[in-house]
Amino acid sequence: MKLYLISQEVNNRYDRYDAFVVCAENEEKAKLIKTLSAEGEDHGDWVKDVKYIKVKYLGEADESIKKGEILGSFNVKLYLISQEKIEEMVRDFCSVVPKSKCNHCKEEHKLKNTGCSNSGHSNSGYYNSGDYNSGDRNSGYYNSGHYNSGDYNSGYYNSGDYNSGYYNSGHYNSGDRNSGYYNSGDYNSGYYNSGYYNSGYYNSGYYNSGWFNTDEPTMRFFNKESSIKYSDFNVQVYPDLKICAWVELNALPINEQTESAKQMGGLLKTLTYKESWAEYWNRASDSDKKWFQELPNFDEKTWEEITGIKLNAPLSLSGKEVSVNVDGKDYKAIIT
């Protein structure tokens, strides 16, 4: 139910209202409600034609307010009171606050939001769950850019704070895709770099891990220098190392073959870094494996130290469960 202020200016007799408040489903039904005098007497139609009646929406009615009832202060019927006073009484005594609906989204804006579809506070942008954003779709605060989970960003898609660039997880970057801080270049994990792809500090060059470099270094492979610059390096294989993986029951060590694992036929395991490499290596193609082994300065010992993978190792059945038959009887055994 809704509250309406209805008024008329054609019947100015002393015993007729110029305005009063009603509770009704819609504007048309509000116009048909008759007025009562201060003593409760029925005065009949207050105008000869409903076309002379003006209707103003005040807000949603409280559940306790009855349909069609003329509302007044302290439950006394309104009589010769100005329209402004009527609205004041409605707000004060009926707990009704006039509501304004947005012309764009046709919804009422709550929590001091002037933009649409915000669950946060005081946003002029749209679809923000954070507060004080003039941009759109921010979960952080005080962003003028869009899609930020961090705060005070004028750029877009930042999880860090105070970035004017885009896609930064670090802070105070004017460049893009930096995880470090105060970078004007892009893709830096270090700080204060104007160049790109630096993990060190204060570099205007590219791909530097040191400080104050203006050039681009050559790459090191397997603890040795090479003649290849990173910008010239053709990366053909990107190993997608998984931090968790489904391991079939027969591939689990015997101490991890719990009742739960047996029921499910395996186990979802969180993998260490070397276990992640082992899982990837088991499904990598022969051409991918060959690409790694043909990298400059390839060294099997260094490779094994980093990845845990021993190349050209003989097949080991250690820890595996096997079935054996001795004197006509079947047994299961664990190979040590």
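The values are calculated or read from the model by the stated rules, or taken from the named source; none is laboratory data. Being a predicted model, the structure only gives us computed values, none of them experimental. Reconstructed Cβ throughout: ideal geometry from the backbone, glycine too, with neighbour counts over all protein chains shown.
When restricted to residues that are of a type in the set (Asp, Glu) and either under 16 Å from VAL237 (Cα atoms) or over 43 Å from the mean Cα position of the chain (by Cα) (or both), segment 292-311 contains 3.
A quick yes/no check of all residues on (1) within 28 Å of CYS116 (Cα to Cα); (2) surrounded by fewer than 21 Cβ atoms within 10 Å (Cβ to Cβ):
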{"residue": "GLY135", "(1), (2)": "yes, no"}
{"residue": "GLY145", "(1), (2)": "yes, no"}
{"residue": "SER164", "(1), (2)": "yes, yes"}
{"residue": "TYR172", "(1), (2)": "no, yes"}
{"residue": "SER179", "(1), (2)": "no, yes"}
{"residue": "ASN188", "(1), (2)": "no, no"}
{"residue": "TYR201", "(1), (2)": "no, yes"}
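In segment 298-305, the condition of being of a type in the set (Val, Ile, Thr), under 24 Å from SER227 (Cα atoms), without any contact (Cβ under 8 Å) to a residue 60 or more places away in the chain and surrounded by 10 or more Cβ atoms within 10 Å (Cβ to Cβ) is met by no residue. When only residues in segment 1-28 that are among the polar types (S, T, N, Q), over 15 Å from ALA61 (Cβ atoms) and in a loop (DSSP other than H, G, I, E, B) count, which is modelled with the highest pLDDT? Step by step, filter segment 1-28, then rank; the result is GLN8.
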